[in-house]
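Just below is one structure, and these are the notes that go with it.
All of the numbers you see were taken from the coordinates with simple rules; none came from a lab. Because the structure is a prediction, the values reported are computed rather than measured. Here Cβ is always computed from backbone atoms with ideal geometry, including for glycine, and neighbour counts include all displayed protein chains.
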Amino acid sequence: MAIPRFVHLTDVGPRDGLQNEKQPVPAAVKIELVQRLQAAGLKDIEVTSFVSPKWVPQMADNAEVMRGIPRKGDVRYAALVPNMQGLEAALAARADTIVVFGAASEAFSQKNINCSIAQSIERFRPVVAAALAAGVAVRGAISCAVGCPYEGGVAPARVGLVAGLMREIGVQQVSVADTIGVGTPRAVQAAMEAVLTHFHIDAVIGHFHDTYGQALANTLAALEMGVWHFDTSVAGLGGCPYAKGATGNVATEDVVYMLHGMGIETGIDLEALVDAGAYISAFLNRPTLSRAATALLAQRQRTT
Ligand code: HMG
Ligand code: MG
């Protein structure tokens, strides 16, 4: 399989990144972050979640954030949706893409969305059908595709099973998520292989958290299989509130630096992306987790 010449990145920082943030992040800051990401050339941004505000208080301003974005015609704005109530809100907020999120582990499914894997699929079925009927694209996320914080290792066959169910209910693209960042390249490739029995390579997304420092290696491993869609998070923000100890997704800046270095196009302006990461890191009052951004910011200081 040839390495792709173009890679499509979805920045999930405003959603996956900020959902776990303890300090309040005003809607205006989230809107500004989205604005800066699109100015840097991101064409796909996961903005928020239409989930219960009791479960994830940080996403309670979902409609306000969606409403406040100065939209660009060539950018797609995505939101997580767990059920019909979430879908109705996402449609009212004019989401271009919704993401239904299930898991390859029963325990995580219960902790995260309060139902079994089978129940989640039945809950998603009408959500997916209604979204597609409304002309909204549908992604599915499979959490714990390599390991689970409650059950430990997760067999690729289980990931394949959930991918097959998602395919059957009409999910168009599926993201293979290493929620707790325990995966290493061969394990990630095995999970990807299982998903590829149900979805075309063009419909498979890598979503790798960087808890154990493996996310960039895992991105390369997936890239070498021909995967060309990845979820990444500006400044490496994030984690899941129901996966304690898990850190953010691989930093968008690090992935862009690697891809451009390999001669792979992304359509993203790395310097502007570094600025977006610096903006949110300054607001959160902590250094960026991106190694490439840290180096580029230090280089800027040396040359000014
Ligand atoms: P539940 O308690 O079983 O839901 O939660 P329910 O249907 O019984 O409703 C209970 C209450 O929630 C009701 O309100 C509903 O109105 C309300 P009350 O009558 O008590 O006042 N409610 C909602 N409110 C707003 N929007 C909604 C909604 N649905 C119900 N859509 C539920 C089930 C799924 C709602 C809950 O478990 C939930 O919201 N979970 C979300 C958890 C979450 O967002 N986790 C993080 C995102 S997933 C992730 O990060 C992983 C990912 O990045 C991939 C990876 O890395 O693995 C995607
Ligand atoms: Mg995630």
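What to note about this one:
- For the chain, a crude dipole built from +1 on the beta carbon of Lys and Arg and -1 on the beta carbon of Asp and Glu, taken about the Cα centre, is about 380 debye to the nearest 20.
- Result for the chain in a Gaussian network model with C-alpha springs under 10 Å: among 48, 266, 97, the largest mean-square fluctuation is at 266.
- Taking the chain as a Gaussian network of alpha-carbon nodes connected by springs under 10 Å, the highest mean-square fluctuation of the residues 31, 45, 264 belongs to 264.
- Percent RCO, i.e. relative contact order, over the range 31-124, from Cα pairs under 8 Å lying at least 6 residues apart: 24 percent
- The calculated FRET efficiency for the pair residue 28 and residue 161, based on their C-beta separation and a Förster distance of 45 Å, comes to about 0.60.
- Note on the range 15-302: Lys pairs 8 or more places apart or on different chains, Cα atoms under 26 Å apart, count 12.
- Cα centroids of the range 263-304 and the range 36-79: 21 Å apart.
- Taking 0.36 nm per residue of separation and subtracting the Cα-Cα distance, full extension of the segment from residue 5 to residue 302 would add 103.6 nm.
- From most to least packed by mean Cβ count within 10 Å, the peptides 223-231, 130-138, 207-215 give 207-215, 223-231, 130-138.
- Cysteines in the chain lacking a second Cys C-beta under 4.7 Å: 115, 240
- Table column - 3J(HN,Hα) (Hz), the range 103-116, Karplus curve with 6.51, -1.76, 1.60, x for Gly and Pro: 8, 8, 10, 4, 5, 5, 4, 4, 5, 8, 10, 6, 7, 6
- Near the amide H of residue 181, within less than 5 Å, lie the amide hydrogens of 209, 211, all on another chain or at least 5 residues away, with H placed in the peptide plane.
- Mean Cα-pair separation over length for the range 15-302, i.e. relative contact order, pairs under 8 Å, 6 or more apart, %: 17 percent
- Note on the chain: with a GNM built from Cα contacts shorter than 10 Å, the maximum mean-square fluctuation among 92, 194, 292 falls on 92.
- Three-way shape label, the range 63-194, alpha-carbon gyration tensor, a/c 1.5: prolate
- Over the range 84-150, relative contact order from alpha-carbon pairs under 8 Å, at least 6 apart, %: 46 percent
- When its C-alpha radius of gyration is set against 2.2 N^0.38 Å (N residues), the range 15-302 gives a value of 0.93.
- Residue (of 112, 171, 91) at the positive-pole extreme of the range 91-231, dipole from beta-carbon charges: 91
- ³J(HN,Hα) computed for each position of the range 144-154 - Karplus, 6.51 cos²θ - 1.76 cosθ + 1.60, integer Hz, glycine/proline x: 6, 6, 10, x, 10, x, 10, 10, x, x, 10
- For the pair residue 285 and residue 85, a Förster radius of 35 Å applied to the C-beta separation gives a FRET efficiency near 0.50, rounded to the nearest 0.05.
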